[in-house]
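Below is one structure; the comments refer to it alone.
The values are calculated or read from the model by the stated rules, or taken from the named source; none is laboratory data. Keep in mind that this is a model prediction, so the values were computed, not measured. FYI the Cβ positions are ideal-geometry reconstructions off the backbone, even for glycines, and counts take in every protein chain you see. Keep in mind that these areas ignore ligands, DNA and RNA; they rest on the heavy atoms of the full protein, side chains included. Shrake-Rupley method; radii C 1.70, N 1.55, O 1.52, S 1.80 Å.
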Amino acid sequence: MSAGKLFSPFKLGALALPNRIAMAPMTRCRAANPAIAPTPMMVEYYGLRADAGLIVSEGVPVSPQARGYAFTPGLYSTAQVAGWQAVTQEVHQQGGRIFAQLWHCGRISHGSLREDNAPPVGPSILAANGRSMALDRATGQPAFVTCETPRALSTAEVKGVVGEFVQAARNAIAAGFDGVEIHGANGYLLDQFRCPYVNDRHDEYGGSLENRCRLHLDIAREVAAAVGRERTGIRLSPHGQANDMRPDPEPMATYGYLAEELQKLGLAYLHLYDQSTSWIHDADDALLRLIRAKFTNALMLCGGFDGAKAEAALAAGSGDLIAIGKPFISNPDLVARLRQGVETAPWDSKTFYVGGHGGYLDYPSFSA
C-alpha cells in the first residue's frame, strides 16, 4: 500500500502503538474446560496476531452471572487470571499490546451457564428475542437456545455490577493486560440500561437520559480510578440493533451526551462500532462528527474496514485507530498482508464458535 496513516505510530495513553490497526474483540468460545480459563490454543492464537497496533481481547465475563455464552473465558477466578497471564506474556514476547474487553451479557443469557441455574439479569424483566449459547449439562456440548426471561436487578445489585467490573479490571492488570475496554455496546447489559425500550426502571438507573447512561459512566469512572484512565477504553454501538435492540430514538442527544461525559473522565479511547458497516465510513455523518467533536481523546472506528477504507477514514480525520474483526480470524498475518497489499483469505463462519483447532489455528500465513 502507498504511504498513509494506517502504519504510522500512535500514542495511546501510556502505550506507543507501532500502527493504527486494532484487532477487534471477537467471541471465539474456546475455553472448554471446567475453570472456563484461557487455554494453550488461545495463547498461540493471540500471539500470532501480536503485530496489530493493539489487540482487544474477546469479551471476558466479569462474573459468573455475566456469562451469556458457553466457553467464554472469564476474569473472576485465580485460574482465569493465570490463563490470561500466559496469553499476555506471549503477546508481549511477540512485541504486541493487549487490552481485555470486560463484558456482562445481561439478559442475553441462559440459566444453564450457571451452577445454580440462576436466570439472566437485566434492567427489567423484558426478555430478549435473541439467542444464547447454553450448555447441555448431560452432554457438555453447547447449543444456541432462546434467551431466558431475565430477573430485574435491584438498585443495590446494579452498584454491585459496577464493583464486578472494577475487580475484573484489577484482575486484568494482574494478568498482564496493558489496559481494559468496557463493553458498553451490542445489546449487552450496559446497552440494555441505555435503551429506553428495554429499561423501564424508576430508580436512579432508569427514566431520564442521564439515568439510563449512569451505568456506563459509573463503570467507566470507577474502572479508570482503579487501573488508570490511560489504561481504560469503552465501546459503544450507535444505531445498533444486535441482540433484539431498537435504534435509540434520539441518537444525537444520547451519544453526544455519552461522548461528552466520557471525555470528562479522560479515558484513553472511545471505540465506535457500526453494526451496519455504513455510517462510520461517511466522514460527513452528523453523529460521527458530533462524537468526534465531543470526545477529543483517541477515537477507534470499527465496522467493515479494509486497508483502503481505513486509510480513507484516517485521512478524513474521522478517527485515530481502526479496528478490524473477522479478517483477523482467517489472516493471522493481516497486518503484513495489508502493508504489502496481499489479498486476504476468507473466513469460515461455521467455525467461529464451535471450539477446537479448526477455524482457529489452521489458517496459514501468505508466506507459508
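Of the numbered conditions (1) open to solvent by 60 Å² or more (accessible area, probe 1.4 Å); (2) in contact with a Ser or Thr (Cβ under 8 Å, 6 or more places away or on another chain); (3) part of a helix (DSSP H, G or I), LYS309 fails exactly one; give the number of that condition. The single condition LYS309 does not satisfy is (2). Each residue in the range 51-72 was checked for being part of a loop (DSSP other than H, G, I, E, B), in contact with an Asp or Glu (Cβ under 6 Å, 6 or more places away or on another chain) and surrounded by 24 or more Cβ atoms within 10 Å (Cβ to Cβ), and 1 pass. With respect to (1) assigned to a helix (DSSP H, G or I); (2) of a type in the set (A, V, I, L, M); (3) more than 23 Å from LEU217 (Cβ to Cβ), the lone exception for MET133 is condition (1). Considering only residues in the range 140-162 that are at pLDDT below 95 and out of contact with any strand residue (DSSP E or B) (no Cβ under 7 Å at 6 or more places or on another chain), the one that is surrounded by the fewest Cβ atoms within 10 Å (Cβ to Cβ) turns out to be GLY140. In the range 214-222, the count of residues that are open to solvent by 10 Å² or more (accessible area, probe 1.4 Å), over 14 Å from the mean Cα position of the chain (by Cα) and free of Cβ contacts under 8 Å to residues at least 40 places away in the same chain is one or more. Residues in the range 254-289 that are in a helix (DSSP H, G or I), open to solvent by less than 20 Å² (accessible area, probe 1.4 Å) and within 13 Å of THR232 (Cβ to Cβ): LEU262 alone. Taking the numbered list (1) touching an Asp or Glu at 6+ places or on another chain (Cβ under 6 Å); (2) open to solvent by 40 Å² or more (accessible area, probe 1.4 Å) in turn, PRO120 passes all entries but (2). Looking only at residues in the range 173-210 that are closer than 19 Å to GLY68 by Cβ and of a type in the set (A, V, I, L, M, F, W, C), the one that is surrounded by the fewest Cβ atoms within 10 Å (Cβ to Cβ) is CYS195.
For the range 32-50, the set of residues classified as hydrophobic (A, V, I, L, M, F, W, C) and in a loop (DSSP other than H, G, I, E, B) consists of ALA32, ALA35, ILE36, ALA37, LEU48, ALA50, listed by residue number. Screening the range 1-15 for residues that are open to solvent by 80 Å² or more (accessible area, probe 1.4 Å) and modelled with pLDDT of 95 or more and picking the one that is farthest from LEU314 (Cα to Cα) gives LYS11.
Checking the stated criteria, PRO327 turns out not to satisfy the condition of being touching a residue at least 12 places away in the same chain (Cβ under 8 Å), outside any helix (DSSP H, G or I) and under 15 Å from ILE55 (Cβ atoms). If you go through the range 232-253 and keep only what is open to solvent by less than 50 Å² (accessible area, probe 1.4 Å), under 15 Å from ASN199 (Cβ atoms) and charged (D, E, K, R), you end up with just ASP248.
Only a single item in (1) part of a loop (DSSP other than H, G, I, E, B); (2) within 16 Å of the chain's Cα centre (by Cα) is not met by PHE99, and it is number (1). Please determine whether any residue of the range 169-192 is β-branched (Val, Ile, Thr) and assigned to a helix (DSSP H, G or I). Looking through the range 169-192, at least one residue is β-branched (Val, Ile, Thr) and assigned to a helix (DSSP H, G or I). If you go through the range 163-172 and pick out every residue that is buried (at least 17 other Cβ atoms within 10 Å of the Cβ) and farther than 19 Å from GLY83 by Cβ, you end up with 2.
In the range 12-31, the residues that are within 20 Å of TYR360 (Cβ to Cβ) and in a loop (DSSP other than H, G, I, E, B) reach residues that are of a type in the set (Asp, Glu) and open to solvent by less than 10 Å² (accessible area, probe 1.4 Å) with C-beta atoms within less than 9 angstrom, at least six apart or across chains, in these pairs: PRO25/GLU58; PRO25/GLU181; MET26/GLU58; THR27/GLU58; ARG28/GLU58; CYS29/GLU58; ARG30/GLU58. Cβ-Cβ distances below 9 Å connect the following pairs, each with a first residue in the range 340-353 that is under 13 Å from PHE328 (Cβ atoms) and polar (S, T, N, Q), a second residue that is part of a loop (DSSP other than H, G, I, E, B) and open to solvent by less than 60 Å² (accessible area, probe 1.4 Å), and a separation of six or more residues or different chains: THR344/ASN331. Look at the range 227-254: where a residue is closer than 17 Å to LEU290 by Cα and a partner is modelled with pLDDT under 95 and not small (Gly, Ala, Ser), sitting 6+ places away or on another chain with Cβ atoms under 7 Å, you get HIS239/PRO247.
Within the range 16-42, being open to solvent by 30 Å² or more (accessible area, probe 1.4 Å) and either touching a Gly at 6+ places or on another chain (Cβ under 9 Å) or within 22 Å of ALA86 (Cβ to Cβ) (or both) holds for PRO18, ARG20, THR27, ALA32, ASN33, PRO34, ALA35, PRO40, MET41.
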